[in-house]
Amino acid sequence: MFAKMKLKSLQKKAKNLYDKRERGSNVNVKTEIRVLKDLAKLYAKHQFHKKYPDALVHAHEYYRAAAGLNDAEAQFILGEIQLEKAKFWQQWHEGDYGEPVHEAYAQMYFKEAFALLSEADQNGYPLAKRLHGLAYINGWGVAIDQDKGFKMVVDSIEEANEWDKATEIFKALGLNKPEFFSAMMQMRRK
């Protein structure tokens with residue numbers, strides 16, 4: 001019951017902020033973004049609840065609305081979601097029952113994912129560059145280019161000033177192999 005009340009309250013607040021912005025009133029866009037992301041998180045939290053059968057769709061669309069207001073975190077989150085969808089359809093296409101339509105789905109999602117990750121990166125969100133770099137390293141929707149991918153990952157670590165966490169980052173990214181680590185460190189020295 002509490003979730004439903006909170007949901008209604010946030011939806012009403014989001015609608016009011018949207019209406020004011022559309023009428024040209026002075027609206028704090030950061031407040032609207034915060035409300036949209038709160039709605040997205042609340043829906044995501046209830047994605048398996050039978051009262052909210054479309055919760056995940058709502059969560060994604062609220063992130064899309066926040067991303068449309070130029071929020072880097074929302075752009076990253078939605079880019080990550082779209083990248084996972086693209087990888088799923090790519091794997092399905094390469095499987096026993098793959099059809100050309102599955103490749104088309106994959107390409108559509110890859111295109112949107114990379115556009116969102118690029119926007120988030122341009123808006124100063126280093127994790128977006130890191131994920132995009134992983135796509136090049138692993139060949140997710142792009143030709144494998146480990147040099148470009150490594151450079152993007154190294155640049156993201158540099159931008160986030162996280163060299164003290166480099167080992168944990170490499171491990172989390174699945175790049176904790178000696179050859180990856182030495183290539184990263186060589187790029188850092190350049």
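A count restricted to the range 1-14 and to residues that are surrounded by fewer than 16 Cβ atoms within 10 Å (Cβ to Cβ) and under 24 Å from the mean Cα position of the chain (by Cα) stands at 1. Evaluating Ser156 against the criteria (1) buried (at least 21 other Cβ atoms within 10 Å of the Cβ); (2) modelled with pLDDT under 90; (3) polar (S, T, N, Q) leaves one unmet condition, (2).
Checking each residue in the range 15-40 for being among the aliphatic types (A, V, I, L, M) and in contact with a Phe, Trp or Tyr (Cβ under 8 Å, 6 or more places away or on another chain) picks out Leu36, Leu39, Ala40.
For the range 134-156: of the residues being small (Gly, Ala, Ser) and part of a helix (DSSP H, G or I), which is nearest to Ala166 (Cα to Cα)?
Going through the qualifying residues, I end up with Ser156.
Among the residues of the range 122-145, those that are more than 18 Å from Lys87 (Cβ to Cβ) and in contact (Cβ under 8 Å) with a residue 24 or more places away in the chain comprise Asn123, Gly124, Tyr125, Pro126, Lys129. For the range 108-124, name all the residues that are surrounded by 24 or more Cβ atoms within 10 Å (Cβ to Cβ) and either out of contact with any Phe, Trp or Tyr (no Cβ under 8 Å at 6 or more places or on another chain) or not in a helix (DSSP H, G or I) (or both). Matches in the range 108-124: Ala113, Asp121. Looking only at the range 62-77, residues that are crowded, with 20+ Cβ neighbours inside 10 Å and not in a helix (DSSP H, G or I) come to 1 in all.
Give the residue that is surrounded by the fewest Cβ atoms within 10 Å (Cβ to Cβ), with candidates limited to residues of the range 39-50 that are more than 14 Å from Glu61 (Cβ to Cβ) and under 24 Å from the mean Cα position of the chain (by Cα).
Out of the qualifying residues, it is Phe48.
Screening the range 159-190 for residues that are part of a loop (DSSP other than H, G, I, E, B), at pLDDT below 90 and not charged (D, E, K, R) and picking the one that is farthest from Glu94 (Cα to Cα) gives Asn176. Of the residues contained in the range 24-37, one or more are found to be under 17 Å from the mean Cα position of the chain (by Cα), closer than 26 Å to Leu127 by Cα, hydrophobic (A, V, I, L, M, F, W, C) and assigned to a helix (DSSP H, G or I).
Do you know which of the residues in the range 78-107 that are part of a helix (DSSP H, G or I) and acidic (Asp, Glu) is farthest from Lys129 (Cα to Cα)? Of everything passing the filter in the range 78-107, Glu94 is farthest from Lys129 (Cα to Cα).
Let's see how each residue does on (1) closer than 24 Å to Lys111 by Cα; (2) modelled with pLDDT of 95 or more:
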residue	(1), (2)
Lys12	no, yes
Arg23	no, no
Lys41	no, yes
His46	no, no
Arg64	yes, yes
Asp71	yes, yes
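The values are calculated or read from the model by the stated rules, or taken from the named source; none is laboratory data. Being a predicted model, the structure only gives us computed values, none of them experimental. Neighbour counts run over all protein chains shown; Cβ positions are idealised from the backbone, glycine included.
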